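First comes the structure, then the notes that go with it.
None of the figures in this text is laboratory data; all of them are computed from the coordinates on show. From a predicted model like this one, the values you see are computed outputs, not experimental measurements.
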Amino acid sequence: MAPLPCTEKLRCLWAPLLLWLAFLLLAVELGTADIYKDIELVWGASRTYFFMDGDSESLALSLDKSTGSCFKSKAMYLYAQIDLDIKLIEGDSAGTVCTVYTISEGPWEIHDEIDLEFLGNATGEPYTLHTNVFANGVGGREQQFQLWFDPSADYHTYSIIWNPKHILIQVDGVTIRDFKNNEAHGVAFPKWQQMRVYGSLWNADDWATQGGRVKTDWSKSPFVSYYRNYNVTWCQPSAGVDWCGNEPAGSRHFDLDQKAMSDLAWVRQRYMTYNYCSDYDRFNASTLPKECSLP
């Protein structure tokens with residue numbers, strides 16, 4: 001059927017504007033998230049709970065000897081910034097692992113994943129932030145950091161920024177890790193599989209604290225970590241480009257700014273405790289991942 005002719009001048013003038021406003025409202029909605037509305041519990045629902053922490057809706061994950069707990073986002077994303085405030089377990093958290101990560105849902109052999117894992121500590125010792133990136137099923141790209149504050153004393157913001165050129169990990173806006181897109185040099189990079197956001201609290205005392213030498217003290221359970229201010233911002237392309245995946249090859253839109261580069265240098269010098277690219281006991285010159293020799 002042919003479309004009805006637009007015979008009313010006023011309607012013709014307003015129709016495009018109304019469509020644009022509808023698109024704008026949808027874009028605003030899709031550019032944010034809410035921890036109560038936009039996540040669902042995966043396991044351990046009986047030991048998780050939502051509560052108001054000031055003006056923020058928060059989620060508590062709990063771990064005891066029988067089981068931990070986990071949530072996931074209802075939506076999946078392709079190129080986005082994920083921000084989440086987390087307050088980690090206070091006191092002796094040895095053996096426990098608190099996480100926020102993204103993962104695709106395709107076959108495991110080709111899955112993509114971006115990991116932030118907070119490895120518990122004995123009282124008075126710093127937390128270790130363990131990070132990893134999987135692309136097309138290939139991982140083994142671990143970097144570890146000690147944070148420059150007590151992450152159990154208050155909430156701090158942890159961010160995953162994923163765009164066509166970089167995967168960045170930030171802590172309170174400080175860039176601590178950059179995994180570059182080096183596909184031109186034969187290094188896989190996540191670019192076609194959507195990923196879902198997960199958060200979890202679980203026991204890993206076989207490896208989490210001092211390589212498994214310090215075990216979980218279950219007399220101190222339940223262990224509780226807190227999440228709030230879950231937010232997702234879709235990747236924004238440069239002007240005139242319809243979406244980030246179509247950004248022209250020569251575009252500098254996603255290049256790192258001076259602050260990010262300064263942050264990376266500062267963190268590497270002071271707080272990085274492990275870098276897979278420097279692990280010559282694990283790799284030799286012939287097996288060192290290719291990206292380790294790239295600028």
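Structure data summary
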| read-out | value |
| --- | --- |
| Distant-in-sequence amide H partners of Asn163 (H built 1.01 Å from N, under 5 Å) | Leu168 |
| Most mobile listed residue (Asp112, Asp85, Asp217) in the chain, GNM with C-alpha springs under 10 Å | Asp217 |
| Residue among Asp115, Asp205, Asp154 with the largest mean-square fluctuation in a Gaussian network model of the chain, springs linking Cα atoms under 10 Å | Asp154 |
| Mean residue ellipticity (222 nm) of the chain, computed from DSSP H runs ≥ 4 via -39,500 (n - 2.57), nearest 500 | -4000 deg cm²/dmol |
| The chain: Lys pairs at Cα distance under 19 angstrom, eight or more positions apart or on different chains | 14 |
| Residue with peak Gaussian network fluctuation, the chain [Cα springs, cutoff 10 Å], from Leu59, Leu256, Leu119 | Leu256 |
